[in-house]
1. Which one of 129, 145, 85 is farthest out on the positive end of the charge dipole of the stretch 21-152, using unit charges on Cβ (Lys, Arg +1; Asp, Glu -1) and the Cα centre as origin?
2. For residue 116 paired with residue 21, estimate the spin-label separation in nm (one decimal), with each label point 7 Å from Cα along the Cα-to-Cβ line.
3. Given R₀ = 41 Å, FRET efficiency for residue 86-residue 130 by Cβ-Cβ distance, to 0.05?
4. Sort the following peptides by mean Cβ neighbour count (other Cβ atoms within 10 Å, averaged over residues), highest first: 42-55, 95-108, 24-37.
5. Greater than 27 Å separation of Cα atoms is the criterion. Which listed pairs, 81/140; 81/144; 21/146; 21/61; 92/146; 21/133, meet it?
6. Treat every Asp and Glu Cβ in the stretch 6-147 as -1 and every Lys and Arg Cβ as +1, leave all other atoms uncharged, and give the resulting dipole magnitude about the Cα centre to the nearest 20 debye.
7. Under a GNM of the chain (C-alpha, springs under 10 Å), which listed residue has the highest mean-square fluctuation: 41, 18, 73?
Amino acid sequence: MALGSVKNLVSFKNMFSYEVKGIRVRYADTDQMGYVYYGNYARYYEIGRVEALRSIDFHYKVMEDEGVMMPVYENRSRYLKPARYDDLLSIKVTLNELPGVRVVFHYEIRNQDGILLNTGETTLVFQRMDNWKLCMAPDKLLEKLKPYFDIE
């Protein structure tokens, strides 16, 4: 799967949203019917959320180097229509609230014709790598996200 262009940062009050465009469905991503295998949607979600955070200059690798990781706590998907071999996908990622100990990412995956194929949600938690205990979202992440939310 090739990572295409990343663009279209969108800002609304009380929401952070970002869209990754240009994700080409590879033959290896499909099943016997030529549909994207359901397990690959979790990978598309990961691409979306990593690029969304990167768009605000926040990087997983730096956070991990500073001792915090973000394991997936919950993953949900709704398969509306199949993505197919050679489709060009876009992944819209939205945060509806600032992270605390958890962060919830919402996803919409569309094909090159703008048809909504899949919606999903993942909940990740922030966890210290030295003691494996949950912790609050890093201040650096919160500072990058606050401009997208009404903060009193």
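1. With unit charges placed on the Cβ atoms, the residue in question is 85.
2. Here the modelled spin labels are 2.0 nm apart.
3. Efficiency computed from Cβ-Cβ geometry: 0.35.
4. Numbers: 42-55: 19.6, 95-108: 17.0, 24-37: 14.7.
Taking the mean over residues of other Cβ atoms within 10 Å, the ranking is 42-55, 95-108, 24-37.
5. Details: 81/140 38 Å; 81/144 34 Å; 21/146 25 Å; 21/61 22 Å; 92/146 19 Å; 21/133 35 Å.
Too far apart for the 27 Å limit: 81/140; 81/144; 21/133.
6. Values: 21 positive and 19 negative charges, 52 e Å.
It works out to roughly 240 debye.
7. The residue that fluctuates most here is 73.
Values in this text are rule-based calculations from the coordinates and carry no lab data. All figures in this text were calculated on a predicted structure; none of them were measured in a lab. So basically every Cβ, Gly included, is an ideal-geometry build from the backbone, and we count neighbours across all protein chains shown.
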